[in-house]
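The block underneath contains the structure these notes are about, expressed in structure tokens.
Readers should treat all values here as calculations from the given coordinates under stated rules, not as data from a laboratory. Remember, it's a predicted structure, so these values are computed and weren't measured experimentally. A quick note on method: Cβ atoms are made from the backbone with ideal geometry, for glycine too, and the neighbour counts reach across all protein chains shown.
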Amino acid sequence: MTDQRHRERVLAELLSCGLIEIRALCREGRTKQAEALADAMHNIPAFLMDPAAWDVEQFAVEFAGYQSRYAGKRRGSCRYDYVHYLSAIEKSRSPRAKSRKR
């Protein structure tokens, strides 16, 4: 698999996980957390279309901020480790094995 195809696959998986989490958060009435996750994710389609215009590290900072804000909160949690997904781009491996958090 080419590096570009691998990056596309990882980002598509990340986007899928994020949308699943946003849906669950909305069902639970946790709209502020859903909004924060959507904000961290909204540039992924543009990154898929033009990877040279975006920096994976900036995405990692956004997701790390989201995760640190909501992981371990009494009413909040993060269902997936989005920073781990992004690190899989650099390591040319699938993030699925370790990404789910509970």
Original post:
Under unit Cβ charges (Lys, Arg +1; Asp, Glu -1), what dipole magnitude, rounded to 20 debye, does region 3-90 have relative to its Cα centre?
Top reply: 660 debye
Subject >> Order of TYR70, TYR82 - criterion: other Cβ atoms within 10 Å of each residue's Cβ, fewest first >> reply: TYR70, TYR82
**OP:** Of the options PHE47, VAL10, LEU25, report the single residue whose Cα projects farthest towards the positive end of the charge dipole of region 3-90 (beta-carbon charges: Lys, Arg +1; Asp, Glu -1).
**Re:** LEU25
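Can you work out D for region 3-90 in µm² s⁻¹ from Stokes-Einstein, where Rh is the Kirkwood radius over C-alpha pairs, the temperature is 20 °C and the viscosity is 1.002 mPa s?
Numbers: Rh = 13.2 Å.
Rounded, D is 163 µm²/s.
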Subject >> Exposure proxy ranking, count of Cβ atoms within 10 Å, fewest first, for VAL61, VAL10, VAL83 >> reply: VAL61, VAL83, VAL10
Subject >> THR31, THR2 arranged by Cβ crowding within 10 Å, fewest neighbours leading >> reply: THR2, THR31
Subject >> Backbone HN-Hα couplings from phi across region 6-19 [Karplus 6.51/-1.76/1.60, Hz, Gly and Pro as x] >> reply: 4, 4, 4, 5, 4, 5, 5, 5, 4, 4, 4, 4, x, 5
Subject >> Amide H within-cut-off set for TYR80, under 5 Å, with H built and near neighbours excluded >> reply: LYS101
